Amino acid sequence: MPNTIISEGKTTSEAISNGLKKLNVSKEQVDIKILEEHEKRSFFSILAPRVVKVELTVKEDNTQKSYNHRKNKNEADTKLTEEEANLIKGRLQSFLNELINNFEELKFDISLDLNSNFVYVNLDGKDAKLLIGYRGEVLNALQNILTAVASKNIDKKIRIVLNISNYREKRKVSLEELADKISKTVLKTGKSITLEPMMAYERKIIHDRLQSSTKVKTYSVGEEPYRKVVIAKK
C-alpha cells in the first residue's frame, strides 16, 4: 500500500516541503493532491493564520524499492548465529522462570521459537491472562523487558514477539471489527474519525483491513507513543 500522509503549511510550497521531509523522499517520488487551496480571504479572517493542506502519496514503485531495500538490510543485520540464538533462548528461559517463580501459586507454560529475524515467546495457562493487562499494556511492557534481556551485549537488533493466551490473535479480530464499524460511520457522516493512540502493529492491522476499500482511506498522525490512525472518506 502506498505511503500517504497529510501535510500542512502556510503556503502550498511549505506544505509540500514539510511532507517531503517527513517521508524522506524527493518531489519526483510522490503524487501530490491539494486538499485546501488558497482562498480569497475576507476582511474578518485576514488575521487568522492560513493553513494549506496537501496529500502526498509515495509512488508505488518507489515504495516497493524502498521496502525491499529496508527488508534486505534488516534481514542481514538481524540474522542470528546458532550461538547467539542459543544464548538468547537461555537468557529468556531463565528470566521467565524466575519471573513466574515469584507468582507462588500461579502456573504458566512457556514456549520459545527462534528464527533468523524473530524470537517468538508464548505464555499460556489458566493464570497467564494476568500478564496481559488493559488492552495489552502489561504484555507490551513485558515484551520490551524481554527485548532488553535478549539484546544485552549482542550488537544486532533482536525482535521479540510476546503472545499470551493468544491475545494477539484476539486483539487482531477486535481491531478489524473496529475498522469495519468506524468506516461505516465515516461513510454515513462524511467526517473523518481519529482513533485512540495505538502501537505500530495495531495501526498496521487497521491499515491492512481497509487498504482495499474504494470508499475510505487511512493514514497515521502524531508522534510515538501517541500516534493515531485516521479513517477518512476518499
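Readers should treat all values here as calculations from the given coordinates under stated rules, not as data from a laboratory. All figures in this text were calculated on a predicted structure; none of them were measured in a lab. As a convention, Cβ positions derive from the backbone with ideal geometry for all residues, glycine included, and neighbour counts pool all protein chains shown.
Checking every one of the chymotrypsin sites (Phe, Trp or Tyr not before Pro) in region 97-148 against DSSP loop status and a limit of 16 other Cβ atoms within 10 Å picks out Phe103. Between the DSSP loop rule and a limit of at most 11 other Cβ atoms within 10 Å, which GluC sites (Glu not before Pro) in region 102-169 are left? Answer by residue number: Glu104, Glu105.
Let a ≥ b ≥ c be the square roots of the eigenvalues of the Cα gyration tensor of region 79-165; is it rounded (a/c under 1.5), or, if not, prolate (a/b larger than b/c) or oblate? It is prolate, given that a/c is not under 1.5 and a/b is the larger ratio.
Rg/Rh for region 80-234 (Cα atoms only, Rh after Kirkwood) is 1.06. Residues in region 164-174 carry Karplus couplings, in order, of 10, 6, 6, 4, 4, 5, 5, 5, 4, 4, 4 Hz; the curve used is 6.51 cos²θ - 1.76 cosθ + 1.60 with θ = phi - 60°, and Gly or Pro positions show x. In order along region 11-28, phi translates into HN-Hα couplings of 10, 4, 4, 5, 4, 5, 4, 4, x, 5, 5, 5, 7, 6, 9, 8, 5, 6 Hz, rounded to whole numbers, per the Karplus curve 6.51 cos²θ - 1.76 cosθ + 1.60 with θ = phi - 60° and x for Gly and Pro.
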